[in-house]
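The values are calculated or read from the model by the stated rules, or taken from the named source; none is laboratory data. Owing to the predicted nature of the structure, the values given are computational and were not obtained by experimental measurement. Ideal geometry is used to build each Cβ from the backbone, glycine not excepted, and the neighbour counts take in all protein chains shown. The protein model used for the area step is the full one, side chains on, heavy atoms only, and it has no ligands, DNA or RNA in it. Shrake-Rupley method; radii C 1.70, N 1.55, O 1.52, S 1.80 Å.
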Amino acid sequence: MTEFDVDLFVIGGGSGGVRAARIAAGHGARVMVAEEYRMGGTCVIRGCVPKKLFVIGSHIRHEIDDAAGFGWSIPPVTFDWPTLVANKDKEIARLEGLYTTNVEKSGARIVKTRAVFEDAHTLRLSTGETVRAKYVLIATGGAPNHGPMIPGIEHVISSNEAFHLPELPKRIVIQGGGYIALEFACIFAGYGSDVTVVYRGQNILRGFDEDVRTHVRAEMEKQGINILTGCVVNKIDKHGKEFTSHLTGGSSVTSDLVMFAIGRHPNVANLGLEKAGVAINPTNGGIAVDAWSRSSVANIYAIGDVTHRHNLTPVAIREGHAFADTVFGKHPVQVDHATIPTAVFSQPEVGTVGLTEAEARAEFSRVDIYKTAFRPIKSTMSGRDTRILMKLVVDGLSDRVLGCHIVGDTAAEIIQAVAIAVKMKATKADFDSTFALHPTAAEELVTMRTPTARYVREAAAE
Ligand SMILES: Cc1cc2nc3c(=O)[nH]c(=O)nc-3n(C[C@H](O)[C@H](O)[C@H](O)COP(=O)(O)OP(=O)(O)OC[C@H]3O[C@@H](n4cnc5c(N)ncnc54)[C@H](O)[C@@H]3O)c2cc1C
């Protein structure tokens with residue numbers, strides 16, 4: 001008999017927890033995973049996957065609109081929101097089943113319950129049962145954060161509820177300027193809702209390259225999405241089935257639904273962390289971890305959104321895998337968080353990897369910018385008023401490509417491939433020596449010959 005019931009107890013059956021459980025079980029560990037809601041976690045159940053399905057569906061509307069220029073005559077189309085939601089739910093249930101089966105096949109045991117710490121090695125399940133574990137992995141993810149308690153906040157929905165609306169709102173106000181807010185703005189607009197985005201900053205997509213921010217905003221506005229910046233919703237009134245969102249500055253917007261997507265907080269509350277002695281990172285509110293994802297307690301690790309480092313599925317997965325290899329696989333791995341490609345599935349899409357122009361100019365003494373904006377070939381016949389943006393940020397001294405930013409259809413698909421080159425430290429000369437693939441939009445990435453701007457810092461010129 002060992003002192004512990006399991007070698008590893010994973011709290012949370014999301015992207016990171018599932019990967020860690022499967023890999024650790026593969027290394028021979030006795031693993032138990034607790035999931036209080038549905039296996040698969042945020043990404044599968046109410047994040048990336050259902051969102052992408054909604055994005056794909058709403059994009060069909062653009063295809064239909066674009067068809068006439070190519071000779072198609074399509075009778076007036078109708079759209080049925082409940083069908084979309086039901087089919088999405090079916091697919092999500094299928095994926096949830098796959099996640100469950102895969103974990104079980106690996107030899108790990110799932111307990112469908114909430115788990116909290118009693119002490120550093122003991123977990124209490126909602127059944128009252130306790131489990132003693134040699135190691136514990138906290139992979140509890142994050143949750144929507146609505147911000148300050150303004151009057152009428154109880155009327156506000158988050159992305160969680162947006163996936164299960166009984167009907168498509170005719171008018172919706174979405175507060176937030178990050179990727180979730182903008183993706184939902186484009187989703188609803190594509191299906192035919194009248195959308196207003198409210199954001200407190202001066203421009204949407206904080207943290208992205210300035211050209212990307214300007215370009216995306218202009219493209220969304222061309223589609224009729226109303227973007228109000230420099231203000232916030234400070235009160236919401238309900239009259240019958242309608243809501244009035246009052247904005248700082250005095251104006252107001254009436255809608256059938258109000259959604260906030262202004263940020264997410266790590267799921268650290270009521271986990272019993274204090275009983276286990278696990279410290280919180282004072283700067284981001286997530287669990288404090290070192291480069292090995294180890295918490296302040298030697299046998300407790302944390303990965304994914306609960307650490308609030310880079311809240312993306314592939315990051316959670318890689319952290320979970322690295323943890324399991326390190327602790328159970330005799331193969332210590334630290335995750336390299338540099339050069340993470342990201343996308344915004346707005347319409348048009350954003351794909352980005354590496355440094356923004358501002359970041360590069362702050363870090364490097366000579367920075368060359370290669371930038372182009374052009375009409376995609378499709379819109380020459382569809383008549384759609386849209387432009388693609390492509391931008392390379394290059395270290396003028398080493399010629400290394402530091403960043404690549406694309407706004408346009410399939411930008412995310414393109415950037416995934418470009419990310420390999422950027423990660424491998426490809427130079428602009430490597431890009432230039434690569435044959436163009438014609439006719440594509442992405443060929444611009446290897447045919448931009450002359451910098452559109454060059455920034456040289458005084459000290460470097462000496
Ligand atoms: C709307 C939306 C869209 C997104 N789109 C993308 C995207 O396009 N690309 C991308 O890379 N990322 C996207 N993300 C982010 C991505 O979903 C997360 O980064 C990822 O799911 C984090 O994985 P995780 O394992 O850390 O946590 P989660 O997947 O959140 O899993 C945590 C799990 O722990 C469970 N849990 C919590 N507390 C307990 C407890 N005490 N006991 C038992 N179980 C518990 C929860 O129920 C949950 O299932 C999106 C997120 C949202 C909300």
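Against the condition among the basic types (Lys, Arg) and out of contact with any helix residue (DSSP H, G or I) (no Cβ under 8 Å at 6 or more places or on another chain), how does Lys90 come out, does it pass?
Working: among the basic types (Lys, Arg): yes; out of contact with any helix residue (DSSP H, G or I) (no Cβ under 8 Å at 6 or more places or on another chain): yes.
Yes: the conditions hold for Lys90.
Cβ-Cβ distance below 7 Å, separation of 6 or more or different chains: which pairs start in the range 28-41 with a residue that is touching a residue at least 12 places away in the same chain (Cβ under 8 Å) and end on one that is among the acidic types (Asp, Glu) and part of a strand (DSSP E or B)?
If the second residue must be among the acidic types (Asp, Glu) and part of a strand (DSSP E or B), the pairs left are Ala29/Asp7; Arg30/Asp7; Val31/Asp7.
State whether the residues of the range 262-283 include one that is farther than 26 Å from Val33 by Cα and within 16 Å of the ligand (Cβ to nearest atom). Even if it seems obvious, please write down each step before you answer.
Initially, the range 262-283 is screened for residues farther than 26 Å from Val33 by Cα, giving 262-263, 282-283.
Checking which are within 16 Å of the ligand (Cβ to nearest atom) leaves us with 262-263.
The answer is yes; a qualifying residue exists.
Do any residues in the range 301-324 that are within 10 Å of the ligand (Cβ to nearest atom) have Cβ atoms under 7 Å from those of residues that are open to solvent by 40 Å² or more (accessible area, probe 1.4 Å) and among the aliphatic types (A, V, I, L, M), where the two are at least six apart or on different chains, and which pairs are they?
Here the result reads Ala302/Val289; Thr307/Val289; His310/Ile340; Leu312/Ile340; Val315/Ile340, each pair linking the range 301-324 to a residue that is open to solvent by 40 Å² or more (accessible area, probe 1.4 Å) and among the aliphatic types (A, V, I, L, M).
Among the residues in the range 210-222, are any of a type in the set (Ser, Thr, Tyr) and away from the ligand (no atom under 16 Å from the Cβ)?
So in the range 210-222, the residues of a type in the set (Ser, Thr, Tyr) come out as 214.
Checking the rest, the ones that are also away from the ligand (no atom under 16 Å from the Cβ) come to 214.
Yes, some residue in the range 210-222 is of a type in the set (Ser, Thr, Tyr) and away from the ligand (no atom under 16 Å from the Cβ).
Only one of (1) touching a Lys or Arg at 6+ places or on another chain (Cβ under 9 Å); (2) surrounded by 18 or more Cβ atoms within 10 Å (Cβ to Cβ) is not met by Ser379, so which one is it?
Condition (2) is where Ser379 drops out.
Scan Ala34, Ala29, Ala25 and give me the residue that is touching a Leu at 6+ places or on another chain (Cβ under 7 Å) and more than 16 Å from the ligand (Cβ to nearest atom). Can you show your working first?
On the way: Ala34 fails: more than 16 Å from the ligand (Cβ to nearest atom); Ala25 fails: touching a Leu at 6+ places or on another chain (Cβ under 7 Å).
None of the others qualify; the one that does is Ala29.
Counting just the residues of the range 46-58 that are in a helix (DSSP H, G or I) and near the ligand (Cβ under 7 Å from one of its atoms), which one comes out most open to solvent (accessible area, probe 1.4 Å)? Talk me through it step by step, then tell me what you get.
Initially, the range 46-58 is screened for residues in a helix (DSSP H, G or I), giving 46, 48-58.
Add one more test, that the residue is near the ligand (Cβ under 7 Å from one of its atoms), and what stays is 46, 48, 51-52.
Values: Arg46: 78, Cys48: 51, Lys51: 22, Lys52: 62 Å².
Per the criteria, the residue is Arg46.
When the range 178-194 is examined, which residues are found to be out of contact with any Leu (no Cβ under 9 Å at 6 or more places or on another chain), farther than 15 Å from Arg46 by Cα, open to solvent by 10 Å² or more (accessible area, probe 1.4 Å) and part of a helix (DSSP H, G or I)?
Hit for the range 178-194 is Ala189, nothing else.
Of all residues in the range 288-347 being among the charged types (D, E, K, R) and in a loop (DSSP other than H, G, I, E, B), which is most open to solvent (accessible area, probe 1.4 Å)? Outline the logic, then answer.
Within the range 288-347, the first condition is being among the charged types (D, E, K, R), and the residues that meet it are 290, 294, 305, 309, 318-319, 325, 330, 336.
Then keep just the ones that are in a loop (DSSP other than H, G, I, E, B); that gives 290, 309, 330, 336.
Values: Asp290: 64, Arg309: 71, Lys330: 192, Asp336: 94 Å².
Among those that are among the charged types (D, E, K, R) and in a loop (DSSP other than H, G, I, E, B), it is Lys330.
Restricting the range 126-144 to residues that are away from the ligand (no atom under 11 Å from the Cβ) and in a loop (DSSP other than H, G, I, E, B), which is surrounded by the fewest Cβ atoms within 10 Å (Cβ to Cβ)? If you could, list the steps in order and put the result at the bottom.
Step one: of the range 126-144, the residues away from the ligand (no atom under 11 Å from the Cβ) are 127-136.
If we keep only those that are in a loop (DSSP other than H, G, I, E, B) as well, we get 127-129.
Values: Thr127: 10, Gly128: 7, Glu129: 12.
Result: Gly128.
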